[in-house]
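The values are calculated or read from the model by the stated rules, or taken from the named source; none is laboratory data. All of these numbers come straight from a predicted model, not from anything done at the bench. Here the Cβ positions follow ideal geometry from the backbone for every residue, glycine too, while neighbour counts run over all protein chains shown. To get the accessible areas, we keep the full protein, side chains included, count just its heavy atoms, and leave off ligands, DNA and RNA. Shrake-Rupley method; radii C 1.70, N 1.55, O 1.52, S 1.80 Å.
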Amino acid sequence: MLSLAIYLTLATALVGLSFVVFRKFVRQDYLRVGRLSTRSALLETAVFVLWGVFTWFDLPAEWPSPWIDPLLRSLALVLILIGLLGLFVTMASFGLRRALGQQVDELKQLGLYARSRNPQILLCGLAVVGYSLLWPSWHTAGWVLLYAILAHLMVVTEEEHLRAKFGADYDDYCRRVPRYLSFGRRSDVAVL
């Protein structure tokens, strides 16, 4: 197990690396060629692989934890299943080249994209939360928070590109559909 100081240092380094990848390399590709290069797609993938490896720093031998309440374990498995299945379905409907930012030819607004501009991020987040519930600790809580930060950096960079590419159509889409989630009626509730 890592000490808190080492864990925070590694997490900070990963956020810094992610900032450079998303806000420099990925953004530069979007601005120059209107899509991601293979290099940037691999760098994005590497960021999330490094993030995924983060839990292995703290995973105990007995995983999932044998002392977790069966109801909590069931909830965790349901969240993981819904998240992964939903992620697979949205990725399949979106297309791999589009999901990797290498082909952006139209603004996807149907299906789950009519409810959230980033359903893939939300669905992956469900799986992440479910996974963290199987071994609750401050490390896995930090892992969930780290996912949210990295995903948001990626989303902000993609939004900048989509706004430049689709202009008023994208602005209209942003007014109608929340970035992540909306609770209640749109007219009286803040949108995340």
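Surface calculation, 1.4 Å probe, protein heavy atoms: Tyr173 sits at approximately 10 Å² accessible.
Taking all protein chains as they are arranged and a probe of 1.4 Å, the heavy atoms of His161 leave approximately 20 Å² accessible to solvent. Rounded to the nearest 10 square angstrom, Phe19 shows an accessible area of 110 square angstrom against a 1.4 Å probe. Model label sites at Arg23 and Ala5, defined 7 Å from Cα along the beta-carbon direction, differ in position by 2.8 nm.
Summing Lys and Arg as +1 and Asp and Glu as -1 over all other residues whose Cβ lies under 14 Å from the Cβ of Met154 gives a net charge of 0.
Net charge of the neighbourhood of Arg23, taken over other residues with C-beta under 15 Å away and scored Lys/Arg +1, Asp/Glu -1, is -2.
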